[in-house]
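Chemist: I'd like to ask some things about the structure below.
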């Protein structure tokens, strides 16, 4: 569910007319719904009924300070993958003490930062990293809380670039070698074993891979509890969202008309399926979802530059580009594109929706049916709250877009559009070129 819908002929976020946002702050601009994020958080938190659950929002999905504060206010911890994300959570007033630090290449400086700020746990990806954490903790005179990330060799059946739980992925320690890694950790003077962790990928749309992975790792978690007294089991994140028919998915029951095998994965099904596997362990359960929390809570607003008619193909040229939203170019991903003003009297066009960047890859959609729109009119790319702004770049010297947060009838700019002066502030022309 989400809170984007048409009110009459106009697309709104909660109770805010999105055209008014575009008029005030220009385009391209990301707009996020606070109510959608709050709803998604509560559904995740309540999905594993009767278990001790901590939602750790995966900040890499969208690390805007306002969204981090919103998540913190809801009660979320954070799944962090860099020193920069740790600093962002601190700047937003979030609690690092209920957060975890993951990633295959943690530097000594990042480990030190995490430990100095009381991180709940570091998720260890390899034996060399375990030695590094032990060393850094020793220099600080503390014991580093850790969980080892176990790779269960489960196919998530998702895009090849976002699968993380197969044996040929770079993440984690193979399940068959994990016991030896825990034995090694137990011998480290500056390590405190706290839990076990797994994560098999992103944008999973079926519950089967989650079930397979938890079933594989749960017996090992029970052994760790008996042998090392672990207190938690992090089952990662990765629940997918709806990208096709995204606007329709804002309603509670839209999917009931779909065949059972086409219905989206919901937190309720996810929780009902996994609870019987997790409950016997008696462990705290960490959920590390990002896309599910914010993906359908955001849209990217864009203005039409013109319709270019080609030989056998039409191109709708908009002012947003692959630097603003790279997912279609990078993953061939689908984002529903809708007009901000709906007019049933207009004909439908089949177009390629493209941006102004000098690459053929700067294409949001091919042969897409969309209501005829003209120069200066506005469109929205749906389901853009996750891995949109957080993956944006300055390619072609294009400024980073603005970001706006909506709550009810109010909205506020939470990130100003980048200026040319900000883009070039760190650059200089060396003396030998003057």
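Chemist: Would you check which residues across region 65-106 are surrounded by fewer than 21 Cβ atoms within 10 Å (Cβ to Cβ), outside any helix (DSSP H, G or I) and touching a residue at least 60 places away in the same chain (Cβ under 8 Å) and list them?
Modeler: Within region 65-106, 104 is the sole residue that qualifies.
Chemist: Only one of (1) free of Cβ contacts under 8 Å to residues at least 40 places away in the same chain; (2) surrounded by fewer than 18 Cβ atoms within 10 Å (Cβ to Cβ) is not met by residue 375, so which one is it?
Modeler: (1)
Chemist: Here is a further query. Kindly check whether there is at least one residue in region 271-280 that is at pLDDT below 95, out of contact with any strand residue (DSSP E or B) (no Cβ under 8 Å at 6 or more places or on another chain) and within 24 Å of residue 120 (Cα to Cα).
Modeler: No.
Chemist: Could you check region 307-331 and list, in sequence order, the residues that are under 17 Å from the mean Cα position of the chain (by Cα) and surrounded by fewer than 16 Cβ atoms within 10 Å (Cβ to Cβ)? Spell out the reasoning first.
Modeler: From region 307-331, those under 17 Å from the mean Cα position of the chain (by Cα) are 324-328, 330-331; that's our starting set.
Of everything in region 307-331, those that are under 17 Å from the mean Cα position of the chain (by Cα) and surrounded by fewer than 16 Cβ atoms within 10 Å (Cβ to Cβ) turn out to be 330, 331.
Chemist: Mind listing just one residue for me: the one in region 334-352 that is in a loop (DSSP other than H, G, I, E, B) and in contact (Cβ under 8 Å) with a residue 40 or more places away in the chain and, of those, nearest to residue 305 (Cα to Cα)? Step through it out loud before you land on a result.
Modeler: Within region 334-352, the subset in a loop (DSSP other than H, G, I, E, B) is 334-336, 340, 342-347.
Now drop any that are not in contact (Cβ under 8 Å) with a residue 40 or more places away in the chain, which leaves 334-336, 340, 342-343.
On the way: 334: 21, 335: 19, 336: 19, 340: 15, 342: 18, 343: 19 Å.
Among those that are in a loop (DSSP other than H, G, I, E, B) and in contact (Cβ under 8 Å) with a residue 40 or more places away in the chain, it is 340.
Chemist: If you go through region 417-434 one residue at a time, do you hit one that is in contact with a strand residue (DSSP E or B) (Cβ under 6 Å, 6 or more places away or on another chain), touching a residue at least 24 places away in the same chain (Cβ under 8 Å) and surrounded by 17 or more Cβ atoms within 10 Å (Cβ to Cβ)?
Modeler: no
Chemist: Further, regarding this structure: Out of (1) surrounded by fewer than 18 Cβ atoms within 10 Å (Cβ to Cβ); (2) in a helix (DSSP H, G or I), what's the single condition that is false for residue 6?
Modeler: Condition not satisfied by residue 6: (2).
Chemist: Look through region 119-145, keep the residues that are in a strand (DSSP E or B) and out of contact with any helix residue (DSSP H, G or I) (no Cβ under 8 Å at 6 or more places or on another chain), and return whichever of them is farthest from residue 100 (Cα to Cα).
Modeler: Of region 119-145, the ones in a strand (DSSP E or B) are 121-124, 144-145.
When the remaining residues are screened for being out of contact with any helix residue (DSSP H, G or I) (no Cβ under 8 Å at 6 or more places or on another chain), the result is 121, 123, 145.
On the way: 121: 5, 123: 7, 145: 10 Å.
It comes out as 145.
Chemist: Could you identify the single residue in 87, 42 that is in the same structural domain as residue 120 (by TED's automatic domain parsing), in contact with a helix residue (DSSP H, G or I) (Cβ under 8 Å, 6 or more places away or on another chain) and over 29 Å from residue 268 (Cα atoms)? Steps first, please.
Modeler: Numbers: 42 fails: over 29 Å from residue 268 (Cα atoms).
Testing whether each residue is in the same structural domain as residue 120 (by TED's automatic domain parsing), in contact with a helix residue (DSSP H, G or I) (Cβ under 8 Å, 6 or more places away or on another chain) and over 29 Å from residue 268 (Cα atoms) leaves just 87.
Chemist: Run residue 403 past the list (1) under 22 Å from the mean Cα position of the chain (by Cα); (2) assigned to a loop (DSSP other than H, G, I, E, B) and report the number of the one that doesn't hold.
Modeler: Going through (1) under 22 Å from the mean Cα position of the chain (by Cα); (2) assigned to a loop (DSSP other than H, G, I, E, B) one by one, residue 403 breaks only (2).
The values are calculated or read from the model by the stated rules, or taken from the named source; none is laboratory data. Quick caveat, the model's predicted, so the values are computed rather than measured. For neighbour counting, all protein chains shown are included, and Cβ atoms are generated from backbone atoms with ideal geometry for every residue, glycine included.
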